[in-house]
Amino acid sequence: MPIERIEVYLDGGTEPVQVLKEPPFKVTYDTRNLADGEHLLRVVTHYTNGAQEVKEVPFKVANTPGVLLQGLEEGKEVSGNLEVTLRVADPEIKPTRERFPGLGAALATAAILGGVWLFFAASGVTNKTLEEVAKPPAAAEAGGHGGAVAAVDEALKAKGEQVYSANCAGCHQATGKGLPGVFPALDGSKNVADKAYVINILLKGKGGMPAFAQLSDEELAAVATYVKNSWSNKFGGVTPEEFKAAR
């Protein structure tokens, strides 16, 4: 059915933030204009016969710099001198790689993903893209994760939590549950169980998932190990050498 126009609204607003009349139906919006927290994107498609179709996509904005604590876990009992390292992802500060690894990549990724979800939400191809990204490869369907599980390097996994927080949690959430209809869950995913698939998608990306080849082999192995062995996942470790061989 021919489309007359597409109106895009935010948070119950009565005036559209953008009206699209010709393809490609692509929306761009600077999320820094929104307060951190829960928001709603509403897409109203008007057809030439007078019919309408409404699609609503909830999403979460997190532009305010976060603080990562190292050396103090929630509920931990302490005594004597306490030393805690605070890492603040302030975009106005340009720390060295040693002080805050991956910050530049995290900021660039946030900017890219901000445009990605808006495009997919407005274009109506979100579900198709998620189906492609979440589709288990043949090896996984055939029991690719049913064999021996590789040993997990706990130090590498701990580093992976930092890499995940800086680069992945904004979309897939700290819980690994993702955002329904926008970003797929990693917790319990058959894709995550397949080591080759995880290595390939981190290096090359797929669909709405960007590539992270700019990260070091150690950082990639760390975040892969963390994702494969967090929440309900127990899929074994990944080594930097495996990422180096796959580049």
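The values are calculated or read from the model by the stated rules, or taken from the named source; none is laboratory data. Since the model is a prediction, treat every value here as computed from it, not as a measurement. Backbone-built Cβ (ideal geometry, glycine too); neighbour counts: all protein chains shown. The protein model used for the area step is the full one, side chains on, heavy atoms only, and it has no ligands, DNA or RNA in it. Shrake-Rupley method; radii C 1.70, N 1.55, O 1.52, S 1.80 Å.
Brief remarks follow.
- For region 9-29, the candidate set comprises residues that are touching a residue at least 40 places away in the same chain (Cβ under 8 Å) and open to solvent by 60 Å² or more (accessible area, probe 1.4 Å); within that set, the residue that is farthest from the chain's Cα centre (by Cα) is Pro24.
- Gly237 vs. criteria in contact (Cβ under 8 Å) with a residue 40 or more places away in the chain, in contact with a helix residue (DSSP H, G or I) (Cβ under 6 Å, 6 or more places away or on another chain) and not in a helix (DSSP H, G or I): yes
- Neighbours by Cβ (under 7 Å, 6+ apart or cross-chain): first from region 37-48, closer than 22 Å to Pro2 by Cβ and of a type in the set (Lys, Arg); second at pLDDT 90 or above and open to solvent by 20 Å² or more (accessible area, probe 1.4 Å): Arg42/Tyr9; Arg42/Val54; Arg42/Glu56
Here's the yes/no breakdown for (1) under 18 Å from Ala158 (Cβ atoms); (2) modelled with pLDDT under 95:
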residue	(1), (2)
Ile199	no, no
Lys204	no, yes
Ala221	yes, no
Asn229	yes, no
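- Test: residue in region 32-53 that is basic (Lys, Arg), within 21 Å of the chain's Cα centre (by Cα), assigned to a loop (DSSP other than H, G, I, E, B) and within 22 Å of Leu179 (Cα to Cα): no
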